[in-house]
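K.L.:
Just dropping this structure here.
Bear in mind that the values in this text are calculations on the coordinates, not laboratory data. Everything numeric in this text was worked out from a predicted model, so none of it was measured. Every residue, glycine among them, receives a Cβ derived from its backbone with ideal geometry; neighbour counts consider all protein chains shown.
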Amino acid sequence: MVIGWYIHHHGFGHVSRFLAVQPHLRAPVIAFSSMPRPAGLAGDVEWVRLPPDAEPFEAPDGTRVEPRDADPTARGHLHWAPHGHPGHRERLATIAATAASRDLDTFVVDVSVEVVAFARLLGVRTVAVTQPGTRTDAPHALAYDLADRIVAPWPEGAVDAPGLAPHADRVTWTGGISRFDARAVSGAVDHRRVLLLGRVLPPDVRDESVRRLGERGWNVTSVGHDDASRVDDPWPLLTRSTVVVSAAGQNSVADLAASGARAVVIGQERPFDEQRATAESLEAWGLARRADGAVSAEHLVDLVEKAAGDAPDWSRWRVSGAAARMAAAIEGTRP
């Protein structure tokens with residue numbers, strides 16, 4: 001008996017969560033994703049590469065079709081199932097063939113309404129990973145209705161999630177899941193060091209912020225805003241910086257919590273207001289200073305200097321043991 005795990009290809013957060021949780025599972029796992037196999041994944045974990053389903057494709061009459069013009073939402077009942085897309089069809093066919101040939105008994109879906117529904121139609125127990133925000137639309141309601149277990153990877157009560165209220169008996173609130181959980185902090189915090197983490201600011205605002213911070217005696221490190229500045233292990237930078245400026249995505253926030261960072265979180269534009277809702281909650285809990293994607297360099301500098309004097313109690317985000325709690329929820333769903 002094997003656990004299947006679908007990993008959405010957008011960003012690094014979904015695969016980062018998988019890498020944190022998988023070592024805690026007792027059962028073998030087969031992962032499905034359009035992403036390449038991640039470095040460092042245990043050799044005994046199978047990785048099935050799925051074809052893309054968002055690229056233009058050729059219709060039978062030879063015309064080029066944009067998937068967004070092929071009724072991908074089925075008139076608002078789904079999120080993504082474009083008519084006639086060969087990649088989409090092959091993805092589901094691959095999942096079905098593997099489920100039958102390898103006797104998948106449970107399928108973790110992070111994230112896709114369509115894969116939750118498809119796995120349940122195959123008779124496989126499903127664990128739907130959800131995200132914050134106002135996910136009360138028909139497709140999310142369908143996924144929540146069908147899932148045997150729903151995993152919400154943040155602390156219960158931290159971020160409003162009205163779509164989950166009717167399904168509270170099947171929701172497991174794990175706390176924030178970070179790949180850095182229980183990793184030791186090495187070295188002292190640098191004096192007046194700011195870390196700009198990821199693509200959180202437009203280039204002109206980032207450059208102006210670096211200039212203004214420098215004028216006020218801050219040393220600034222900016223990583224992850226492009227391919228050249230990406231670092232595989234930001235942990236030393238997270239733990240040594242006086243203040244970290246980060247997006248308000250689930251994994252970014254969990255990493256801030258794991259490192260105990262003083263932080264300014266920027267709620268970037270995302271579907272269902274996910275990051276805005278998270279950033280507002282962090283501010284309300286006294287865990288971080290908040291800004292939106294339109295923050296000016298002047299305002300950001302002011303937030304950084306205020307955050308430098310904060311003492312956030314990140315234990316409230318329940319990162320410690322969160323990956324193990326998600327693994328237990330998955331194992332508890334299995335027959």
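K.L.:
What is the sum of charges, Lys and Arg at +1 and Asp and Glu at -1, for the other residues whose Cβ falls under 13 Å from the Cβ of residue 79? Don't skip to the end; give the middle numbers.
P.N.:
On the way: positive: 68, 75, 135; negative: 53, 71, 114, 137.
For residues surrounding residue 79, the net value is -1.
K.L.:
Between residue 34 and residue 184, what length in nm is gained on full extension when 0.36 nm per residue of separation is reduced by their alpha carbon distance? Let's see the in-between values first.
P.N.:
Details: separation 150, 0.36 × 150 = 54.00 nm, distance 3.27 nm.
Gain on stretching residue 34 to residue 184: 50.7 nm.
K.L.:
Post the alpha-carbon centroid distance, segment 278-302 to segment 163-222, in whole angstrom.
P.N.:
If you average the Cα positions of each part, the centres end up 11 Å apart.
K.L.:
Here's a follow-up. If you plug each phi of segment 93-101 into the Karplus form 6.51 cos²θ - 1.76 cosθ + 1.60 with θ = phi - 60°, what whole-Hz ³J(HN,Hα) values come out, in order, with x for Gly and Pro?
P.N.:
Karplus values, whole Hz, x for Gly and Pro: 5, 5, 4, 5, 5, 5, 4, 6, 7.
K.L.:
Find the relative contact order for segment 193-316 and round it to a whole percent, using C-alpha pairs within less than 8 Å whose residues are 6+ positions apart. Before the final figure, lay out the partial values.
P.N.:
Values: 213 pairs, mean separation 32.0, N = 124.
RCO, segment 193-316: 26 percent.
K.L.:
Dipole size in debye (nearest 20) for segment 193-316 around its Cα centre, Lys and Arg Cβ +1, Asp and Glu Cβ -1?
P.N.:
320
K.L.:
Tell me, Kirkwood radius of segment 91-221 from alpha-carbon pair distances, in Å? Spell out each step's value before the answer.
P.N.:
On the way: mean 1/r = 0.0546 Å⁻¹.
Kirkwood hydrodynamic radius for segment 91-221: 18.3 Å.
K.L.:
Where nothing but the Cβ of Lys and Arg (+1) and of Asp and Glu (-1) is charged, how large is the charge dipole of the chain around its Cα centre, in debye to the nearest 20?
P.N.:
Details: 36 positive and 43 negative charges, 172 e Å.
Here the chain has a charge dipole of around 820 debye.
K.L.:
Give me the three principal axis extents of segment 277-335 from the C-alpha atoms, as integers in angstrom, largest value leading.
P.N.:
Cα spread of segment 277-335 along its principal axes, largest to smallest: 56, 25, 15 Å.
K.L.:
For a quick check: with amide H placed at 1.01 Å from N, whose amide H comes under 5 Å from residue 151's, ignoring anything fewer than 5 positions away on the same chain?
P.N.:
128, 129, 130, 172
K.L.:
Based on Cα coordinates alone, diagonalise the gyration tensor for segment 250-311, multiply each eigenvalue by 5, take square roots, and list the semi-axes in whole Å, largest first. Working shown, then result.
P.N.:
Details: eigenvalues 61, 49, 16 Å².
Equivalent-ellipsoid dimensions as semi-axes: 17, 16, 9 Å.
K.L.:
Which far-off residues, 5 or more places away or on another chain, put their amide H under 5 Å from the one on residue 220, with H placed in the peptide plane?
P.N.:
194
K.L.:
Another question, then. With the contact rule set at Cα under 8 Å and sequence spacing of 6 or more, what percent relative contact order holds for the chain? Could you put the intermediate results ahead of the total?
P.N.:
Numbers: 672 pairs, mean separation 55.7, N = 335.
Value for the chain: 17 percent.
K.L.:
In vacuo Debye scattering of segment 193-316, one point per C-alpha: log10 I(q)/I(0) at q = 0.11, 0.12, 0.13 Å⁻¹?
P.N.:
-0.31, -0.37, -0.44
K.L.:
Now, a different point. Which ³J(HN,Hα) values in Hz, rounded to whole numbers, follow from the phi angles of segment 293-305 under the Karplus curve 6.51 cos²θ - 1.76 cosθ + 1.60, where θ = phi - 60° and Gly and Pro get x?
P.N.:
Here the 3J(HN,Hα) series is x, 9, 4, 7, 4, 4, 5, 5, 4, 4, 5, 4, 5 Hz.
K.L.:
Which percent of Cα-Cα pairs in segment 1-158 sits in each 5 Å bin, short to long?
P.N.:
Taking all Cα pairs of segment 1-158, the binned fractions are 2, 9, 17, 21, 21, 15, 9, 5, 1, 0, 0 percent.
K.L.:
Another question, then. Quick one: what are the phi-derived ³J(HN,Hα) couplings along segment 75-84, Karplus 6.51/-1.76/1.60 with θ = phi - 60°, whole Hz, x for glycine and proline?
P.N.:
6, x, 8, 10, 9, 7, 8, x, 4, x
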